[in-house]
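Just below is one structure, and these are the notes that go with it.
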Amino acid sequence: MIVMQPVLEIYVPDGFDLWPVAEVEPFDFLPLGGGLSPDEVGTAVARIAGCNDIDPDGDRPPRPAAALDSFLHGLLTFDSLFAAGGLRVTDTSTGVAFLPGCCDGLEDWRDWHRFADDGTLLGFGHEPMSPVAERFGDTVRLTVDSEQSASPVIELPTAELRNLLTGVERDLGDFLTLAADWASRQLPGRSAPVTAALARALDLPAPGPSPQGQYSSRRS
């Protein structure tokens, strides 16, 4: 069975206290979807904001003094946002995992659709690990590390890849719905611009108003 998940490469600085976050292993991957706890959503939002926490330059307004507004400044003012991670593909029958590379980002996940359509080579990083996606007719080959001649690979039909990408979009949409609800609770007064920025970072339309009680049956 082939599983494809949108994942964030997670890192939250020690001592982060702007909102609750989950305990995670640094630089592990957090799958995004509708099953995350509020603290896991907080971790994901912190990571995406952190990826864009860069001192202003050019025409961007100056960084605010308040800690929360300062941390969110890049997320809310950059036109092009970065979200470390990408799409993780796992063959559960062999245990082979095709992981996002160092040059990969979730904001570019739709490149996989273009790859499925035209077969253009997709590369996701460079040494010491160079994942590559190639298409040969109706078959997709995912090479875990193209720098190794005997690298593990995952092969699947192009039609299956398209079905998996439909699931990825659903998972990202479910996460964004959770994030909108989370922001309304944790960042009142800033929830609309934060949600809109997260939608841009994930290349999705911003969700409508989220129903209350989104986490009533989820872990806290």
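Numbers at a glance
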| read-out | value |
| --- | --- |
| Enumeration of residues in the range 1-13 that are open to solvent by 50 Å² or more (accessible area, probe 1.4 Å) and either aromatic (Phe, Trp, Tyr) or more than 23 Å from Cys102 (Cβ to Cβ) (or both) | Met1, Tyr11 |
| Only one of Glu160, Glu147, Glu134 that is out of contact with any strand residue (DSSP E or B) (no Cβ under 9 Å at 6 or more places or on another chain) and not aliphatic (A, V, I, L, M) | Glu147 |
| Number of the exception - Leu36 against (1) open to solvent by 70 Å² or more (accessible area, probe 1.4 Å); (2) within 14 Å of the chain's Cα centre (by Cα); (3) of a type in the set (A, V, I, L, M, F, W, C) | (1) |
| Any chance Arg135 is in a strand (DSSP E or B), out of contact with any Cys (no Cβ under 9 Å at 6 or more places or on another chain) and charged (D, E, K, R) | yes |
| Test for Gly208: is it open to solvent by 70 Å² or more (accessible area, probe 1.4 Å) and in a loop (DSSP other than H, G, I, E, B) | no |
| Single condition Thr43 does not satisfy, out of (1) within 17 Å of the chain's Cα centre (by Cα); (2) part of a loop (DSSP other than H, G, I, E, B) | (2) |
| Single residue of Gly85, Gly34 found to be in a loop (DSSP other than H, G, I, E, B), under 18 Å from Glu169 (Cβ atoms) and touching a residue at least 24 places away in the same chain (Cβ under 8 Å) | Gly34 |
| Residue among Phe29, Phe115 that alone is open to solvent by 10 Å² or more (accessible area, probe 1.4 Å) and within 21 Å of Ser146 (Cβ to Cβ) | Phe29 |
| Residue that is farthest from Asp203 (Cα to Cα) [pool: residues in the range 143-171 that are open to solvent by 40 Å² or more (accessible area, probe 1.4 Å), in a helix (DSSP H, G or I) and without any contact (Cβ under 8 Å) to a residue 60 or more places away in the chain] | Ala159 |
| Some residue of the range 120-142 being polar (S, T, N, Q), buried (at least 18 other Cβ atoms within 10 Å of the Cβ) and either over 30 Å from Ser37 (Cβ atoms) or touching a Pro at 6+ places or on another chain (Cβ under 7 Å) (or both) | yes |
| Residue tally, condition of a type in the set (D, E, K, R) and part of a helix (DSSP H, G or I), over the range 46-81 | 2 |
| Some residue of the range 191-200 being in a helix (DSSP H, G or I), buried (at least 16 other Cβ atoms within 10 Å of the Cβ) and in contact with a Gly (Cβ under 8 Å, 6 or more places away or on another chain) | no |
| Output for the range 57-101, where each listed residue is open to solvent by 40 Å² or more (accessible area, probe 1.4 Å) and either on the phi > 0 side of the Ramachandran plot or in contact with a Pro (Cβ under 9 Å, 6 or more places away or on another chain) (or both) | Gly58, Pro62, Arg63, Leu76, Arg88, Thr94, Gly95, Leu99 |
| Evaluation of Arg110 against (1) open to solvent by less than 20 Å² (accessible area, probe 1.4 Å); (2) within 19 Å of Asp174 (Cβ to Cβ); (3) more than 11 Å from the chain's Cα centre (by Cα) (one fails), failing number | (1) |
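The values are calculated or read from the model by the stated rules, or taken from the named source; none is laboratory data. The shown structure was predicted, so the numbers you read here are calculated from the model rather than taken from an experiment. We place every Cβ from the backbone using ideal geometry, glycine too, and count neighbours over all the protein chains shown. These accessible areas exclude ligands, DNA and RNA; they are computed on the full protein's heavy atoms, side chains included. Shrake-Rupley method; radii C 1.70, N 1.55, O 1.52, S 1.80 Å.
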